[in-house]
Amino acid sequence: MARFAALWGIVFVLASVSARAESIAIAAAADLKFAMDDIVASFEAGHPADAVRVIYGSSGKFLTQIQQGAPYDLYFSADIAYPRRLADAGLAASDVIPYAFGRIVLWSVERDASTMTLASLADPKIARVAIANPKHAPYGKRAEEALRASGLWEAVEPKLVYGENIAQTAQFVQTGNAQVGIIALALVLSPELSRRGGYWLIPDTLHEPLEQGFIITKRAANSALARRFADHMGSKPARAVMTRYGFVLPGEVALR
């Protein structure tokens with residue numbers, strides 16, 4: 001009888017864990033790829049019964065998808081204006097939470113970009129320059145702003161190749177489809193890219209701030225896991241990861 005009682009106890013515990021297990025889907029801006037992977041890994045290590053799936057892409061495209069009912073539980077945008085639009089439309093179950101400011105850099109695998117400036121892009125020897133599509137990618141908008149503020153837009157625009165998001169933009173440079181790219185510092189500092197060329201930090205005085213924010217979507221209004229993960233983003237370990245990848249946290253001062 002004692003053995004049967006022990007067996008039933010194990011079954012009860014497993015059933016309870018299964019009942020508590022949750023999963024969530026996160027739509028995240030592509031600049032978060034490496035930082036968010038690390039944050040999710042540490043979160044899941046502390047919450048082994050839960051599963052967090054992250055889809056990376058263009059902030060603007062995610063905005064449209066969520067407006068059309070896409071099943072995302074949290075939305076991390078490289079432009080805080082997008083989650084604010086969702087909140088104004090009644091599609092958020094939380095306040096809009098600022099989580100970082102992004103930075104843009106010149107990056108190349110063919111050249112030492114650390115010795116370049118935006119003016120270098122006008123060099124006739126540089127035929128292709130990659131930026132994210134300004135129509136829906138916040139990093140692309142800031143790249144265009146920086147080029148215009150520098151008086152270089154007309155000279156560089158004919159050379160531009162556009163990535164659908166900032167990760168694809170970096171890929172264009174990696175594969176040689178562009179000689180130089182204006183991409184996210186967070187990607188350049190990743191283990192994968194940091195070994196493949198130098199970079200030049202574009203002064204943030206040349207563009208509007210890349211303030212980033214997230215929401216819990218209306219779909220996840222009753223999700224305890226979504227709220228646990230949102231809380232985790234403000235934890236010291238998560239903040240340390242964000243800093244490691246070059247993000248400027250709210251209240252901190254950016255390096256010029």
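Some notes on this structure:
- Take every DSSP beta bridge whose two residues both sit in the chain; close to 55 percent of them are antiparallel.
- Alpha-carbon centroid distance for the pair region 180-201 / region 63-131, whole angstrom: 15 Å
- For region 103-206, the square roots a ≥ b ≥ c of the C-alpha gyration tensor eigenvalues yield an a/c under 1.5, which makes the shape rounded.
- Within the listed set ASN133, ASN177, ASN222, the Gaussian network model of the chain (springs between alpha-carbon atoms below 10 Å) gives the highest mean-square fluctuation for ASN222.
- Cross-link reach list, lysines versus LYS141, counting only Cα pairs under 23 Å and skipping chain neighbours closer than eight places: LYS33, LYS61, LYS159
- Bridge type composition, region 103-206 - antiparallel percent by DSSP, nearest 5: 55 percent
- In summary, the aspartates and glutamates within cross-link reach of LYS125, defined as a Cα separation below 19 angstrom excluding same-chain residues under 8 places away, comprise GLU110, ASP112, GLU154, GLU157.
- Scanning the chain for DSSP H helices at least 18 Å long along the axis (C-alpha atoms) with a Kyte-Doolittle mean no lower than 0.5 picks out 2-20.
- Cα-centred dipole magnitude for region 103-206, charges only on beta-carbon of K, R (+1) and D, E (-1), debye, nearest 20: 100 debye
- Electrostatic dipole magnitude of the chain [Cβ: Lys, Arg +1; Asp, Glu -1; Cα centre; debye, to 20]: 380 debye
- Length added when fully stretched, ALA41-ALA149, from 0.36 nm per residue minus Cα-Cα: 34.9 nm
- Near-label residues of region 183-203 by backbone N, under 20 Å of a point 7 Å along Cα→Cβ of GLU252: 183-194, 199-203
- Computed on region 103-206, with alpha-carbon pairs under 8 angstrom and 6+ residues apart, the relative contact order is 47 percent.
- Theoretical gain in end-to-end length, TYR162 to LYS125 [0.36 nm per residue, Cα-Cα removed]: 11.4 nm
- A dipole drawn for the chain from +1 and -1 charges on Cβ atoms has a positive end, and of ILE215, GLY181, THR117 the residue lying farthest that way is ILE215.
- Computed over the chain, the per-residue total of -39500 (n - 2.57) for DSSP H runs of n ≥ 4 gives a 222 nm mean residue ellipticity of -11000 deg cm²/dmol, rounded to 500.
- Percent RCO, i.e. relative contact order, over the chain, from Cα pairs under 8 Å lying at least 6 residues apart: 28 percent
- Our estimate of slack between GLU208 and THR175, defined as 0.36 nm per intervening residue step minus the Cα-Cα distance, is 8.9 nm.
- The chain - Debye-derived log10 I(q)/I(0), Cα point model, q = 0.13, 0.14 Å⁻¹: -0.80, -0.91
- Protection proxy ranking for 165-173, 39-47, using the average of other Cβ atoms within 10 Å per residue and placing the highest first: 165-173, 39-47.
Every number in this text was worked out from the coordinates using simple rules, so none of it is lab data. Since we're looking at a predicted model, the values are computed, not measured. Glycine gets a Cβ as well: all are built from the backbone with ideal geometry, and neighbour counts include every protein chain shown.
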